[in-house]
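Read through the structure below, which is laid out as structure tokens, and then see the notes.
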Amino acid sequence: MSRRQSAPTAPGEVVLQPAIVRPDVFGRTHPDPRADPPTVVLDPSRARTEELQQVGPETPHIPTIAGAPQGAAPDPDSEADTDGIPVVAHPADDGRAMALRALLGSAGALVGWLVAAHLVPPGALGGAQLAVSLFLLVGGLAPLALGLFGSPRPGRLAWLAPAAVLPVAAAVGAACGLALPRLAAGSVLPGLPPIVGPLLVAAGCAGWAVLFAHDAVLAGAGKARWTVWRTVVLAPVQIGALVALCAVAGLGAPGVVLSWLGPAVLCAVLGAAVLPVLLRRGPAGASRGQAALGVVGAALLHHLVPIVVTVRFGPETGAAFFVAWQVFVVVDLAAAYTVHALSGAVAREPRRTDALVARARKRLFIVFLPVIALGAGLAGPLLAAFGAAYGEAGDLLRLMLLGLAFRLVVAHEVGVRQALGHGLGFDRLQLFSAVLVLVVAIALPVTAVGVTELRLVAIGYIIVQVACAAAVLVIPAVRRTDVEVRAP
């Protein structure tokens, strides 16, 4: 700014001195005021002042937007300048979509097994489910391999993940088929050499591993909703293949195995071609894998337990147990899906954590306790819909559902800890409970063959769930919800 000072002169006479130009706040002198006529401003002293134009810092050159016509002024409201900025999806939304994918896949599988029970005898179904459970077990553990790649772009990870999981899954499937011929016996077509069985098991494990790895890549890229649509499309295709192979071609147990193998391999090949293109513009570091302990615990509990029971007690007894176990798994995954909504609600309203936790608990018990009671009352007729040979497992299903009532306590507290960012300890508890159920299934002595002999397995499951629920309730940290919520 410039300032004029008056020098002492004779009374009544004022002489203005030349303007003194001082540096501005940026350390630069103002331009010469004589280069531009000043604005005349009257102040109370009636002295003429010169108001200099305020000059700001130099604006750096803004590059033009690629693709804009030369000479055209860029539109400040255009969305073109957001190209390359990653769209961050909320982790809770991805987790809920993955839980919905698991629930829909399990429900579709239950419908498929209902159809298979009317197309093949119980012994053939029990032998076929060994190979199918191994497919899903190896596939469920496949997302663990994504942690080996760090945080590349999803488009690159879509290439790397299948290349990593495919040979390992195929080797595991072939080794299991050779070590336990019963696993591969149900997949061998009549007239073919026995080595075909382990090869088909290896192909099925590889196909489902790639499929689950693709789902994990999509979830990490914030596109978990695509896994839901893939499941919705794949389940009817599997059921259609089952009807064609078993009812029309009359292949029996191998047809059941091929109905799970063929569509999965085709879907994995299609995903390997489409996903790198779909995710090529994804931001680096977006690959978020599921919690390793949670993945292992769910895979062991849902898929390894029926394998152990069928191998030890025979295919017919194992078939009845497997059907009852599938009903239990559907209800269990439905409860897990309901709990996943809590993470998103807490992230949106962290100040209402206490109220949201109480509401989730109330909703969980109000919805699922009547479902469990209804399932226990209708367990016999429900399993009889699969066939007369499966109705004997009604008492077994009732015991499983009773254990699930205690498991709801653990599921709710796991959801609370996940919503507050402290779910690791309870993932360990989930894994520990799955291992204990496996120990019960392995240590149970085989004194006779029959579904009634498996009641001890269900009772052991109830004891494990009661112990886990008690452990959850007595840990003081579980009841604390007044903790800071990590921002997404």
Run Val210 past the list (1) in contact (Cβ under 8 Å) with a residue 24 or more places away in the chain; (2) of a type outside the set (Gly, Ala, Ser); (3) out of contact with any Pro (no Cβ under 9 Å at 6 or more places or on another chain) and report the number of the one that doesn't hold. (3)
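Please enumerate the residues belonging to the stretch 221-242 that are open to solvent by less than 50 Å² (accessible area, probe 1.4 Å), more than 19 Å from the chain's Cα centre (by Cα) and in contact (Cβ under 8 Å) with a residue 12 or more places away in the chain.
As a first pass, look at the stretch 221-242 and keep what is open to solvent by less than 50 Å² (accessible area, probe 1.4 Å): 221-222, 224, 227-228, 230-231, 234-235, 238-242.
Those left that are additionally more than 19 Å from the chain's Cα centre (by Cα): 238-242.
The answer is Gln238, Ile239, Ala241, Leu242.
Per-residue answers, yes or no, for (1) under 24 Å from Gln465 (Cβ atoms); (2) touching a Pro at 6+ places or on another chain (Cβ under 6 Å); (3) modelled with pLDDT under 85:
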position: Pro283; (1), (2), (3): no, yes, yes
position: Ala286; (1), (2), (3): no, yes, yes
position: Arg312; (1), (2), (3): yes, no, no
position: Gly318; (1), (2), (3): yes, no, no
position: Phe328; (1), (2), (3): yes, no, no
position: Ala341; (1), (2), (3): yes, no, yes
position: Arg351; (1), (2), (3): no, no, yes
The correct count of residues that are of a type in the set (A, V, I, L, M) and more than 30 Å from Ala388 (Cα to Cα) in the stretch 440-469 is 4
Counting only residues in the stretch 184-201 that are open to solvent by less than 10 Å² (accessible area, probe 1.4 Å) and of a type in the set (A, V, I, L, M), the one farthest from Leu104 (Cα to Cα) is identified as Ala184
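Among the residues of the stretch 243-262, is any of a type in the set (A, V, I, L, M), open to solvent by less than 10 Å² (accessible area, probe 1.4 Å) and farther than 25 Å from Leu178 by Cα? Give the derivation first.
Just the residues of the stretch 243-262 that are of a type in the set (A, V, I, L, M), to begin with: 243-245, 247-249, 251, 253, 256-258, 261.
Now restrict to residues that are open to solvent by less than 10 Å² (accessible area, probe 1.4 Å): 256-257.
Then drop every residue that is not farther than 25 Å from Leu178 by Cα, which leaves none.
Checked against the condition, which is being of a type in the set (A, V, I, L, M), open to solvent by less than 10 Å² (accessible area, probe 1.4 Å) and farther than 25 Å from Leu178 by Cα, the stretch 243-262 yields no hits at all.
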Per the filter on the stretch 78-127, residues in a loop (DSSP other than H, G, I, E, B), over 17 Å from Ile239 (Cβ atoms) and either in contact with a helix residue (DSSP H, G or I) (Cβ under 7 Å, 6 or more places away or on another chain) or at pLDDT below 90 (or both) are Ser78, Glu79, Asp83, Gly84, Ile85, Pro86, Val87, Val88, Ala89, His90
Quick one: would you say Phe368 is at pLDDT 90 or above, buried (at least 18 other Cβ atoms within 10 Å of the Cβ) and part of a loop (DSSP other than H, G, I, E, B)? no
Would you mind stating whether Val331 is of a type outside the set (D, E, K, R), out of contact with any Phe, Trp or Tyr (no Cβ under 6 Å at 6 or more places or on another chain), at negative phi and open to solvent by 50 Å² or more (accessible area, probe 1.4 Å)? no
Based on what the data block shows, is Val409 among the β-branched types (Val, Ile, Thr), more than 23 Å from Gly105 (Cα to Cα) and part of a helix (DSSP H, G or I)? yes
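The values are calculated or read from the model by the stated rules, or taken from the named source; none is laboratory data. Being a predicted model, the structure only gives us computed values, none of them experimental. All Cβ positions, glycine included, derive from the backbone under ideal geometry; neighbour counts span all protein chains shown. We work out accessible area using only protein heavy atoms, side chains counted, and drop any ligands, DNA or RNA first. Shrake-Rupley method; radii C 1.70, N 1.55, O 1.52, S 1.80 Å.
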